[in-house]
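Shown next, in structure tokens, is the structure this report addresses.
Computed from the coordinates by the stated procedures, all read-outs in this text should not be read as laboratory data. Just so it is clear, the model here is predicted, and its values are computed rather than measured.
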Amino acid sequence: MNGPGQPARNQPAMAAEPAAVGPPKHPLYALTTYELKDRRRELERAIKGIAADATIQADLRRALDAVIAEQEDRARSART
């Protein structure tokens with residue numbers, strides 16, 4: 001049994017530094033819904049994992065805004 005604050009035995013411990021976020025393999029409009037969801041999650045984790053005043057923070061937020069805009073556009077198109 002694991003104590004509080006310890007990772008589950010079947011899960012790796014969190015990395016000390018957030019993973020680098022590279023560019024997507026394809027333009028956002030060409031990503032599948034699942035790839036877009038994964039990209040959003042990746043960016044959100046990266047943003048949470050670095051200092052708010054880090055220089056890369058603005059770039060990550062712009063990339064996240066673009067992903068959210070694409071998701072909203074798809075949702076809007078699905079409703080019509």
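Derived scalar couplings between HN and Hα for the stretch 32-43 equal 6, 4, 5, 5, 5, 4, 5, 4, 4, 4, 4, 5 Hz in order, rounded to whole Hz, by the Karplus curve 6.51 cos²θ - 1.76 cosθ + 1.60 (θ = phi - 60°), x for Gly and Pro.
Here the Karplus curve 6.51 cos²θ - 1.76 cosθ + 1.60, taken at θ = phi - 60°, turns the phi angles of the stretch 63-68 into couplings of 5, 5, 4, 5, 5, 4 Hz, with x standing for Gly and Pro. Coupling constants for the stretch 45-53 follow from the phi torsions by the Karplus curve (6.51 cos²θ - 1.76 cosθ + 1.60, θ = phi - 60°), and in residue order they are 5, 5, 5, 5, x, 10, 5, 5, 9 Hz; glycine and proline get x.
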